[in-house]
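The values are calculated or read from the model by the stated rules, or taken from the named source; none is laboratory data. Quantities reported herein were computed from a predicted structural model and do not represent experimental measurements. Neighbour counts run over all protein chains shown; Cβ positions are idealised from the backbone, glycine included. Please note that ligands, DNA and RNA were not included when accessible areas were found on the heavy atoms of the full protein model with its side chains. Shrake-Rupley method; radii C 1.70, N 1.55, O 1.52, S 1.80 Å.
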Amino acid sequence: MARNPERRTALLDAAIEVLADEGARGLTFRAVDARAGVPTGTSSNYFRDRDQVLSQVADRIFVRLTPEPGVIDTALLPPPSRSLVVELMKQLAQRLAAERTCYLGLFELRLEAARRPELRTQLTKVLRADLDENVRLHLDSGMPGDADTVRLLYFGLTGLLFDHFTVPGLHGDRDLDELIETVVNRIVPER
């Protein structure tokens with residue numbers, strides 16, 4: 001297996017784009033090579049099989065979705081409140097919208113994980129670590145609510161973003177920020 005980490009990252013980013021644009025069925029070594037602009041056969045020098053690509057794509061998506069160091073600390077400077085949760089959720093949605101390809105790729109991975117136990121195991125590990133970190137940050141920062149509050153926010157935002165990215169007209173003229181505010185205000189208790 002080839003060992004150029006920059007090339008591996010570029011191939012994984014290309015795989016994310018293929019997933020987002022063509023779905024899991026379109027994810028082939030040839031499609032990844034074409035999207036990355038590298039010679040045919042390059043991907044197969046970096047990944048032993050398609051399952052390995054799918055597994056490593058899950059990790060790469062979360063690297064791309066993770067905010068830069070210090071961003072979370074800065075965002076948590078204001079006093080904990082429901083209104084701060086609203087703002088944090090809006091910022092999260094903006095970050096995910098900026099990485100729309102990653103989020104669509106993640107939806108494809110979720111569907112593929114329903115059919116591939118190894119991918120399901122890897123994706124569960126990655127998603128659980130992310131959810132656990134969000135629960136920890138929420139509780140440690142003193143935000144209103146408990147671990148179940150964070151889980152409900154996760155469910156709400158996941159559903160809203162799924163709709164926003166796949167059927168944007170579903171909620172009529174209500175914009176994403178308005179919907180996020182409604183979700184947070186219904187889930188997060190007042191102080």
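Of the numbered criteria (1) over 28 Å from HIS138 (Cβ atoms); (2) at pLDDT 95 or above; (3) open to solvent by less than 30 Å² (accessible area, probe 1.4 Å), the one ILE16 fails is (1).
Every condition in (1) assigned to a helix (DSSP H, G or I); (2) at pLDDT 95 or above is met by PRO144 except one, and the failing one is (1). Evaluated against (1) in contact with a Phe, Trp or Tyr (Cβ under 9 Å, 6 or more places away or on another chain); (2) within 16 Å of GLU133 (Cα to Cα), PHE62 falls short on exactly one condition, (1). For GLN122, the criteria (1) open to solvent by 60 Å² or more (accessible area, probe 1.4 Å); (2) touching a helix residue (DSSP H, G or I) at 6+ places or on another chain (Cβ under 9 Å) hold in every case but one, which is (1).
Every residue, every condition in (1) touching a residue at least 60 places away in the same chain (Cβ under 8 Å); (2) under 24 Å from ASP175 (Cβ atoms), yes or no:
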| position | (1), (2) |
| --- | --- |
| VAL85 | yes, yes |
| MET89 | yes, yes |
| GLN94 | no, yes |
| GLU118 | yes, no |
| PRO144 | yes, no |
| PHE162 | no, yes |
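Has the range 78-92 got at least one residue that is open to solvent by 50 Å² or more (accessible area, probe 1.4 Å), touching an Asp or Glu at 6+ places or on another chain (Cβ under 7 Å) and closer than 18 Å to THR9 by Cβ? Among the residues of the range 78-92, not one is open to solvent by 50 Å² or more (accessible area, probe 1.4 Å), touching an Asp or Glu at 6+ places or on another chain (Cβ under 7 Å) and closer than 18 Å to THR9 by Cβ, which makes the answer no. Quick check on my filter: what residues within the range 19-44 are open to solvent by 10 Å² or more (accessible area, probe 1.4 Å), of a type in the set (A, V, I, L, M), without any contact (Cβ under 8 Å) to a residue 60 or more places away in the chain and touching a Leu at 6+ places or on another chain (Cβ under 8 Å)? Once the filter is applied, which keeps residues that are open to solvent by 10 Å² or more (accessible area, probe 1.4 Å), of a type in the set (A, V, I, L, M), without any contact (Cβ under 8 Å) to a residue 60 or more places away in the chain and touching a Leu at 6+ places or on another chain (Cβ under 8 Å), the range 19-44 yields ALA36, VAL38. When the range 100-119 is filtered for residues that are under 17 Å from TYR154 (Cβ atoms) and either surrounded by fewer than 16 Cβ atoms within 10 Å (Cβ to Cβ) or of a type outside the set (A, V, I, L, M) (or both), the ones remaining, listed by number, are CYS102, TYR103, PHE107, ARG110.
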